[in-house]
Amino acid sequence: MGYMRHHAIVVTAWNENHIVMVHQKARELFEGISHITEITSEATNGYRSFLIPPDGSKEWWNTSDRGDKARDDFISWLTSNKDIYCNYAEVQFADEEGDDKLLRSS
């Protein structure tokens with residue numbers, strides 16, 4: 001048995017070089033855990049985004065633990081690189097007890 005709770009991260013930036021760099025880092029960290037979406041086409045003011053979708057695993061299972069670590073590593077890397085201008089939000093949703101919320105954001 002396990003407990004279902006999804007986590008996802010949305011990343012947005014106006015600087016194309018930065019979003020490409022952050023996207024590549026996400027693909028490295030989440031390889032074999034989650035399928036990172038492609039970067040969207042440019043929206044108003046040059047903003048582009050991508051999604052790090054849920055790992056799909058139940059809480060406390062190996063895949064979920066690997067996803068938790070990858071999310072922590074990704075956000076730590078992103079926030080420690082002050083020269084990269086990207087915004088992000090990590091959300092928790094589809095929790096079996098309705099505990100849906102914004103966990104972290106820039």
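Counting only residues that are under 17 Å from Ser105 (Cα atoms) and more than 12 Å from the chain's Cα centre (by Cα), how many does the range 19-46 have?
Of the residues in the range 19-46, 1 are under 17 Å from Ser105 (Cα atoms) and more than 12 Å from the chain's Cα centre (by Cα).
Within the range 80-106, can you find the residues that are under 27 Å from Asn15 (Cβ atoms) and either under 13 Å from the mean Cα position of the chain (by Cα) or among the acidic types (Asp, Glu) (or both)?
Asp83, Cys86, Asn87, Tyr88, Ala89, Glu90, Val91, Leu102, Leu103, Arg104, Ser105, Ser106
Go through the range 11-20 and give me each residue that's loosely packed, with under 13 Cβ neighbours inside 10 Å and within 13 Å of Tyr88 (Cβ to Cβ).
The answer is none; no residue qualifies.
Taking the range 2-18, which residues are over 11 Å from the mean Cα position of the chain (by Cα) and in contact (Cβ under 8 Å) with a residue 24 or more places away in the chain?
Across the range 2-18, the qualifying residues are Gly2, Tyr3, Met4, Arg5, His6, Ala13, Trp14, Asn15, Glu16, His18.
Are any of the residues in the range 11-28 modelled with pLDDT of 95 or more and closer than 20 Å to Lys101 by Cβ?
Looking through the range 11-28, at least one residue is modelled with pLDDT of 95 or more and closer than 20 Å to Lys101 by Cβ.
Among the strands (runs of 3 or more DSSP E) contained in the range 21-106, which hold 3 or more residues that are surrounded by 13 or more Cβ atoms within 10 Å (Cβ to Cβ)?
It comes to 48-52, 87-93.
Give me the pairs: first residue in the range 65-90 and free of Cβ contacts under 8 Å to residues at least 40 places away in the same chain, second residue crowded, with 16+ Cβ neighbours inside 10 Å and not aromatic (Phe, Trp, Tyr), beta-carbon distance under 7 Å, and six or more apart or on different chains, which are they?
Pairs that qualify, where the first residue is free of Cβ contacts under 8 Å to residues at least 40 places away in the same chain and the partner is crowded, with 16+ Cβ neighbours inside 10 Å and not aromatic (Phe, Trp, Tyr), are Arg66/Ile33.
For the range 47-58, how many residues are over 13 Å from the mean Cα position of the chain (by Cα) and closer than 15 Å to Cys86 by Cβ?
2
The values are calculated or read from the model by the stated rules, or taken from the named source; none is laboratory data. In this text the structure is predicted, and so the values were computed from the model without any measurement. Positions of Cβ are backbone-derived with ideal geometry, glycine not excepted, and every protein chain shown enters the neighbour counts.
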